[in-house]
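A quick write-up on the structure given underneath.
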Amino acid sequence: MSDALFSPELDANDNDDLRGLVEHFFASRFSTDNAIVTEAVKRMLSAGGKRIRPRITLLAVAACGGRPAEHLSLAAYMELIHVATLVHDDVVDNASTRRGVNATAVDYGNRVSVLAGDYLFAWIFKNVTAGYAHPIPHVLSATLADICDGEVLQLQALGNLNLTSNEYVEIARKKTASLFAASARCGAVTVGASEEQTRALHAFGEYLGIAFQMRDDVLDMTADERSLGKPVGNDLAERKVTIPLIDALARSGGDFRAVVRRFYEGDSPDAIPAIVAGIREFGIDATRRRIAGYVEKARAALEPIAASPAKHELSKLADALSGAPGESNGQRRTS
């Protein structure tokens, strides 16, 4: 991929403009040497997504005085790392849909999907190491290790109704927030930002990512199936223990706990609607307060960054995760 298609005049701070740059970049410049991998990735990209990770990178570039249109490759790699993890996730979770379309494994099979994800990771890092100086390759390789570690921790936590909120946050930090933080950090590093600015943007990304994962888990219990692109309560079906369930268990009575326990032990396979109802009653408000807390931490982390349209847009990304309005129209895991 090359940025030569874009002139320096295509500078942008507005989110819509940044998304347009990224989408044009993928449509016109993305290709690998493997036709199956290219086809599978392009299909995943065309299925949707808000491109929040590349937007964070480009906004970090702008917030530190750089020009977003000159750093589209770096932003694209952030989204492609995310896409590769989704391809693998759908194999691990035996998922049938993603973003409202067939999961990659449904159309290509598990073996091709695993290899496609592996190939994409290798292709990304081949290009990153060729095009970017230290510490960007190290940041991204450490991030990939964190993502894999977080996924393993989540697998180990399946069905563990004693999982604590702190343990959940550590899983979310690694499997989701680490890439948000890396997206912001690399955007700052590539334009020579100060260490203070770089640390601030890294912290912003991490807090934003934790809030994002919590919001994602809330949507699994509150959005409708059409907007989710998969059944409501899918996390329950996979025996995941997410923060709304943790909060509901902490605030509910023995009857709800008994229903949840029987379901996770495999004795009540039809209990998902009742558990979703209980989580909505006992857990969602508490989780929303947690999200609001991480949103506030994300906004506070930006204090060392000078006022600018890009900083304002970063704050708006955080603000968009707070509160319940429009939640029924939310779309899970499309970002």
Item checked: Only one of ASP90, ASP118 that is farther than 15 Å from LEU179 by Cβ and in contact with a strand residue (DSSP E or B) (Cβ under 7 Å, 6 or more places away or on another chain) -> ASP90
Next item on the list: Considering each of TYR132, TYR77, TYR108, TYR119 in turn, give the residue that is aromatic (Phe, Trp, Tyr) and buried (at least 22 other Cβ atoms within 10 Å of the Cβ).
Entry: TYR77
Note to self: I want to confirm something. Restricting to the range 10-57 and keeping residues that are farther than 25 Å from TYR119 by Cα, outside any helix (DSSP H, G or I) and of a type outside the set (A, V, I, L, M, F, W, C), which single residue is modelled with the highest pLDDT?
What the structure shows: ASP14
Notebook entry, point to check: Quick one: which of GLU225, GLU303, GLU265 is at pLDDT below 95 and closer than 30 Å to ARG55 by Cβ?
Noted result: GLU225
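The values are calculated or read from the model by the stated rules, or taken from the named source; none is laboratory data. Bear in mind that the values here come from a model prediction, so they are computed numbers and not experimental data. Every residue, glycine among them, receives a Cβ derived from its backbone with ideal geometry; neighbour counts consider all protein chains shown.
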